[in-house]
Every structure is written in structure tokens, then in C-alpha cells.
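Derivation of every value follows stated rules applied to the coordinates shown; laboratory data play no part. Just so you know, these numbers come straight off a predicted model, no measurement behind them. Note that we place each Cβ from the backbone using ideal geometry, even for glycine, and neighbour counts take in every protein chain shown.
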Amino acid sequence: MTLKITDVSHDEEFMRKLQEISGEDVSKCMQCGTCTGGCPMTDKMDGTPRQIMLLSHYGMKDKISADNTVWLCATCNTCYARCPRGIEIPKVMEAIRQLKLRENINKVEPNQIPPEILEDAPQIAIVSCLRKNTS
């Protein structure tokens with residue numbers, strides 16, 4: 001994901017809601033990349049946690065929505081534990097998911113989960129998936 005200066009457009013309402021829900025000030029992020037370096041899910045993500053923090057700082061809701069990073073965040077807190085600024089990035093990721101789900105657009109449709117996955121997956125994984133990805 002490359003960010004061009006022409007792509008920068010502040011969505012003030014998104015930024016206000018993000019800070020209100022997460023309780024975090026994304027402008028404190030100094031883009032060191034420590035969050036991405038410790039993330040166990042980056043190989044599956046379209047972008048990186050560092051990129052999501054940058055896009056959040058600029059209020060670029062549409063670019064964040066097009067990325068699967070917030071949906072794949074395992075909320076393992078590795079990024080938070082390593083962040084030199086003490087930003088709870090998992091709270092930011094959860095806030096972004098909540099804002100998207102408030103639009104009533106599910107990332108996963110429960111009735112479209114294949115039966116073999118429902119039979120084999122641990123119940124807690126299914127419940128967690130539905131809690132995180134459905135409105």
C-alpha cells in the first residue's frame with residue numbers, strides 16, 4: 001500500500017469517533033514500525049498495523065475499509081507491549097471494526113460459513129469470528 005500526498009483527506013468525524021471509542025490518540029504514533037515488526041499476522045494482512053495507524057492519523061476511512069488488516073488483527077497485544085509511545089493499537093483496531101460494523105455491513109455472513117468449518121473449528125473460534133466480524 002502506497003500513500004500519495006494527493007490521497008490525504010481528513011475525515012474529522014471518523015477521527016473523532018475513533019478517538020472516542022478507542023480512547024487512543026493515533027497522532028502520538030511516530031511510525032517506528034515496531035508494531036508491525038512484532039505482529040504475528042502481518043503475512044496475511046493487506047497492509048500493516050503501522051500503515052493503519054498512519055491512515056487513521058489522516059482520517060482516511062475509505063482506504064482503511066478497503067484493507068483486511070483490522071479484520072485479521074488477533075488482538076494479541078504484542079504491538080501494544082512493544083509500542084514506545086504506549087498506544088494500545090488493538091483498541092484502535094477494535095474501534096475501526098466497530099465503526100465499520102455500525103454501517104451494518106458484515107465482514108462475514110454466518111449463513112455462508114461452510115459446514116465443514118463449523119464442524120471442525122473450535123466453538124470459541126466461531127464465536128470470536130462472529131463477534132468481531134458481524135454487526
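How large is the helix-only mean residue ellipticity at 222 nm for the chain, computed as the sum of -39500 (n - 2.57) over DSSP H runs with n ≥ 4, divided by its residue count, in deg cm²/dmol to the nearest 500?
Helix contribution divided over all residues of the chain: -13500 deg cm²/dmol.
Ranked highest first by the average count of other Cβ atoms within 10 Å around their residues, in what order do 20-26, 100-106 fall?
20-26, 100-106
For the chain, what number of Lys pairs, 8 or more residues apart or on separate chains, have alpha-carbon atoms under 13 Å from each other?
Lysine pairs meeting the criterion: 9.
Taking the alpha-carbon centroid of each part, what is the distance from the stretch 51-68 to the stretch 107-135 in angstrom?
For the stretch 51-68 versus the stretch 107-135, the Cα centre distance is 25 Å.
Could you tell me what % of all Cα pairs in the chain have separations over 23 Å?
Taking all Cα-Cα pairs of the chain, the fraction more than 23 Å apart is 34 percent.
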